[in-house]
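To start, the structure itself, in structure tokens.
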């Protein structure tokens, strides 16, 4: 049974990253390959504010989120707006390039070793049926659900939320209806960056943070987003947990070396059966 | 931070080095690079080897075979080095050892796997202990404490793979039964499912073979599942960094390690103490970060090179022969006794069994 | 059919020959060998993605299939080297067909994810079946290739072999680019709907291209195995798939010289800044950023503009 | 020639077409009806992109209901598109390659090794002829984005024509054209019909339909409500109601 808890713990990490992917996809239709680096930066900033400056947890979180919010804005304002030919592939390759730069900067500032971040909640193990889960993992799971709820209500019911979704469906139409598309694009990157930082920050105590983590967390987050269906928050959440549990399950029944392989095999099978992911709506292709 | 020390005087002893300074194995490469730079700087102050300064050229192979091969050729062809120290990883060392042998360039690898120096080749040496020696140290300890069934959990990289092979092979000679053989990736975040599988098999001891952050995650998961079976780790985690990461979960972990980590606990009569203390003091003063066994491998490689050049001058073939005849060199990692059929020269005694007790190392012989 | 760009082909030939004569330093030769290997892989990805619009982030897997087939068959089974190349191509084509059939009906990000996942699965198999593949610590002792009694055991000899292979490959690329076939693929890329309406069996063509690209990538993998004599999974992981993707994009997607230009630049460039390890990633990323942001057609676009403005007109 | 029998198709509850039955023969035929009547859906069924829930499509007495679009093309049906579908990356002339090459079934090897000079000459000749017919040769070396809309429409027509099909499906050919261009297009369509090629066009512009179409079918909410010559259709109460709404409400 322990694989379930281990699956949920890593699953909640994937879910948070997946939600970050979905925000940017929901408004700009892009896949941000630097999402993994946002997670790393979130963790690194928490390390700096908490251990280096010894601030209390609340102000540490605050500083980290403000900085990452600005990084997101800078990201979109400077890099994505001045791309001359704004094809999807060009913009995605820009995010790949930025991911490499961010990784280089992280290595420069925080060095090559993994950094430990003190846990925010008093470390104790919660015994459950047939296994156990740490208090820190519970925090991650709770924050994960909380974010999904907040975001889906924001996107479904608030005025701004609808504007975000309108931009994705048809940017031209949204502009005509008076939506400032540029502002929305900027905000979507800012929120995605904030979310990446949130994921990185609350996960750091469990997994430590190393400058090379970005690739793997980005990859797992992306597969979770695809698994759940691009664009849907609940899809991203469910996809993340499902991916985590699948990995945990295969680590349990198979020689654990193969767990990632089988997780990807499952992902491929789902894609073949339902090409738009479990919750994804089939994008109507105008003939 | 230009690395090419081209001093004006006739710097004609050209020494090359290849480490994994960036990429996944960068925590290996950096201390190695820093140690080598420090030693060359110190030696050049005392104007090098019999009057000739050393021109050190270091390249980064990013832990990739193709890069290691390119950088090796660059050192040999462009920079005309007479010997190469490194690479840091087993994979990259194996990628260039044939080339080094063909081109007659003495290569002193700082990677662990026995396959680098076995079968023995004239120009190929290595300074880290082999996994077999670390495994023997652990198995001796297990035998002494009457442990019969062991579980192993090893990382999916060069270090973990060779460790796993050694653990399984040596287990036969020590009549230990391997009841569980689990793997993990160094980017995995949670290994509780593997550990719970191990717990179900009720082993007498668990041995985790890996480097970097992942073993620290295993230590924490171990505590989370409160498995009270003794946990052994490899010499890969013998650094303050590991204790920092694992925190309280590191307590009670046994691991074989070079003397470097417990130098201040060694009795003064210990013949290693002076060298270790000197290295530790100068390294920590210069780079204000903890000294690590990986840096120690580079330390020994450099001194082996220095001795060989002092004896044999700059002829590559003679250097290789000189290296092969090094006897009783007391290095940081242990006592090196090279021979025709052992280009590593280290024995089991280069390891000490140590235990982590509330954040400090403690000798557990 | 369009006129062949003989100027480019002869320029290529001259550069390769001059380089052989005047540069006897094996390091620069090894750099050029890696450039050629990457150029072939990037050009094939360019045909798959730049021309036909089929994105794949798993090409390193086929590159690995070729290398490991050669490695395993020669080291464990003492197979004749040339035969292993052929077997590698057959296996890669079969795997490409098996994977391609269901995958190619996907599009965009989902296709990218499927191919990326496939690449990861192969990478993990290379790591896990260690009694054959040597696992993470790799496979040692792959024999040298010898053609018609002409042993390719040092950089110079191998350089000759691979530049012949690369030159023939470039000629075929040029022939392909100037034939109707390249139009057909571009039609598919821009509008599968229009192509289908005018008699193009889109799914079959995409599958054929996918298999062909996999076959050539596997062939190059086998050659890489013979060249380095040692292979380990690290060279066939996601990073390599992304690298050749970036080379094709920076070089110029949809232009036949894109792969080669991108590979030349991005393989040679890291060699220039080796003394700045810590900064290398930042410099590499910035260079990439500038090209993508301000030269969307890639380096080929720059040449074409330059070529169009000063030479043709 | 082309006959449809009880074609019905629904997209999740929405009945797009119900029991559409009609057949057309030589000359110019028009398919009219208000927006959303299912005209383009019917085109997509005929050209093989949509599989009907039931009913059959028979062309030259061969059942093509479930054939793939590329097979249907090689049997002699080509089409134009409601919103232009030209390839922007290549010149307008090169767009015509798409229309002609697949019919010629070029061999891959000969094509690569440049041994098919004769085929290229034949293709170029066809291109010249079809461009003369639609008088668009002037713009042939431009890319689609830099040519006027009318020219692009003609190039799409040329592309449909170049494989000398038995039947061309024209999807709103006159849409977006000014009177002069419409007039010119009418002449071209007449010439094409004169060459023995049958035409089925979806069109709203009644004056255009009246001047060209010999036989008209009217669709409304996916059902055929009237068939016959243009004059008969003109007075049919059902058609008027469908278009102008109920006059005696």
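The values are calculated or read from the model by the stated rules, or taken from the named source; none is laboratory data. Being a predicted model, the structure only gives us computed values, none of them experimental. With ideal geometry, Cβ positions are generated from the backbone for all residues, glycine too; neighbour counts draw on all protein chains shown.
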Evaluation of residue A:174 against (1) surrounded by fewer than 19 Cβ atoms within 10 Å (Cβ to Cβ); (2) more than 28 Å from residue A:43 (Cα to Cα) (one fails), failing number: (1)
Criterion violated by residue D:83 - all others in (1) more than 23 Å from residue D:126 (Cβ to Cβ); (2) in contact with a helix residue (DSSP H, G or I) (Cβ under 8 Å, 6 or more places away or on another chain); (3) not assigned by TED's automatic domain parsing to the domain that holds residue D:217 satisfied: (2)
Residue check, residue B:84 at pLDDT 90 or above, closer than 25 Å to residue B:260 by Cβ and crowded, with 24+ Cβ neighbours inside 10 Å: yes
Meets criteria (out of contact with any helix residue (DSSP H, G or I) (no Cβ under 6 Å at 6 or more places or on another chain), within 14 Å of chain A (Cβ to nearest Cβ) and farther than 20 Å from residue C:49 by Cα) for residue C:306: no
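Rundown of residues vs (1) assigned to a helix (DSSP H, G or I); (2) in the same structural domain as residue D:38 (by TED's automatic domain parsing); (3) buried (at least 16 other Cβ atoms within 10 Å of the Cβ), yes/no style:
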| position | (1), (2), (3) |
| --- | --- |
| D:169 | no, yes, yes |
| D:176 | no, yes, no |
| D:181 | yes, yes, yes |
| D:186 | yes, yes, yes |
| D:190 | yes, yes, no |
| D:193 | yes, yes, yes |
| D:196 | no, yes, no |
| D:200 | no, yes, yes |
| D:208 | yes, yes, yes |
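I'm trying to understand the selection: among the residues of region B:87-117, which are part of a loop (DSSP other than H, G, I, E, B) and surrounded by fewer than 24 Cβ atoms within 10 Å (Cβ to Cβ)?
Residues satisfying the conditions are B:104, B:105, B:117.
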Criterion (assigned to a loop (DSSP other than H, G, I, E, B) and either surrounded by 13 or more Cβ atoms within 10 Å (Cβ to Cβ) or within 21 Å of the chain's Cα centre (by Cα) (or both)) met by exactly one of A:137, A:132, A:119, A:152: A:119
Test result for residue A:132, in contact with a strand residue (DSSP E or B) (Cβ under 6 Å, 6 or more places away or on another chain) and more than 14 Å from chain C (Cβ to nearest Cβ): yes
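Okay, residues lined up against (1) more than 10 Å from every other protein chain (Cβ to nearest Cβ); (2) over 23 Å from the mean Cα position of the chain (by Cα); (3) touching a residue at least 60 places away in the same chain (Cβ under 8 Å); (4) buried (at least 23 other Cβ atoms within 10 Å of the Cβ):
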site: C:171; (1), (2), (3), (4): yes, no, yes, no
site: C:179; (1), (2), (3), (4): no, no, yes, no
site: C:191; (1), (2), (3), (4): no, yes, no, no
site: C:195; (1), (2), (3), (4): no, yes, no, yes
site: C:201; (1), (2), (3), (4): no, yes, no, no
site: C:213; (1), (2), (3), (4): yes, no, yes, yes
site: C:221; (1), (2), (3), (4): yes, no, yes, yes
Residue in region B:44-60 that is closer than 16 Å to residue C:30 by Cβ and either within 14 Å of chain A (Cβ to nearest Cβ) or modelled with pLDDT of 85 or more (or both) present: yes
Filter result (part of a helix (DSSP H, G or I) and either surrounded by fewer than 24 Cβ atoms within 10 Å (Cβ to Cβ) or touching a residue at least 40 places away in the same chain (Cβ under 8 Å) (or both)) within region B:222-241: B:223, B:235, B:236, B:240, B:241
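Residues C:49, C:97: which one is away from chain B (no Cβ under 14 Å), surrounded by 15 or more Cβ atoms within 10 Å (Cβ to Cβ) and under 20 Å from the mean Cα position of the chain (by Cα)?
Of C:49, C:97, the one residue that is away from chain B (no Cβ under 14 Å), surrounded by 15 or more Cβ atoms within 10 Å (Cβ to Cβ) and under 20 Å from the mean Cα position of the chain (by Cα) is C:49.
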Any hit, region C:235-247, residues being in contact with a helix residue (DSSP H, G or I) (Cβ under 8 Å, 6 or more places away or on another chain), closer than 30 Å to residue B:101 by Cβ and buried (at least 24 other Cβ atoms within 10 Å of the Cβ): yes
Flag if residue B:312 is farther than 25 Å from residue B:112 by Cα, without any contact (Cβ under 8 Å) to a residue 12 or more places away in the chain and touching a helix residue (DSSP H, G or I) at 6+ places or on another chain (Cβ under 8 Å): yes
Tally of residues being more than 13 Å from the chain's Cα centre (by Cα) and surrounded by fewer than 22 Cβ atoms within 10 Å (Cβ to Cβ) across region C:1-46: 29
Residue match in region B:142-152 (condition: within 26 Å of the chain's Cα centre (by Cα) and at the interface with another protein chain (Cβ under 9 Å from one of its Cβ atoms)): no
Selected residue (criterion: surrounded by the fewest Cβ atoms within 10 Å (Cβ to Cβ)) from residues of region D:54-77 that are within 7 Å of chain C (Cβ to nearest Cβ) and in contact (Cβ under 8 Å) with a residue 24 or more places away in the chain: D:74
Residue tally, condition surrounded by 24 or more Cβ atoms within 10 Å (Cβ to Cβ) and free of Cβ contacts under 8 Å to residues at least 40 places away in the same chain, over region B:288-304: 0
For residue A:83: the one exception among (1) buried (at least 23 other Cβ atoms within 10 Å of the Cβ); (2) outside any helix (DSSP H, G or I): (1)
Cβ pairs under 7 Å, 6+ apart, first in region D:137-153 and farther than 21 Å from residue D:126 by Cβ, second in a helix (DSSP H, G or I): D:150/D:181
Any hit, region C:98-116, residues being touching a helix residue (DSSP H, G or I) at 6+ places or on another chain (Cβ under 8 Å), touching a residue at least 40 places away in the same chain (Cβ under 8 Å) and not in a helix (DSSP H, G or I): yes
Residues that are surrounded by fewer than 24 Cβ atoms within 10 Å (Cβ to Cβ), part of a helix (DSSP H, G or I) and in contact (Cβ under 8 Å) with a residue 60 or more places away in the chain, drawn from region B:138-172: B:140, B:141, B:142
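Does at least one position in region D:177-186 carry a residue that is under 13 Å from the mean Cα position of the chain (by Cα) and in contact (Cβ under 8 Å) with a residue 24 or more places away in the chain?
no
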Candidate set from region A:217-247 (those that are part of a helix (DSSP H, G or I) and at pLDDT below 85); member that is farthest from the other protein chains (Cβ to nearest Cβ): A:234
Conditions (1) within 14 Å of chain B (Cβ to nearest Cβ); (2) surrounded by fewer than 20 Cβ atoms within 10 Å (Cβ to Cβ); (3) under 18 Å from the mean Cα position of the chain (by Cα): number failed by residue A:214: (2)
Sole residue being in a strand (DSSP E or B) and either within 26 Å of residue D:213 (Cα to Cα) or touching a helix residue (DSSP H, G or I) at 6+ places or on another chain (Cβ under 7 Å) (or both), chosen from D:42, D:31: D:31
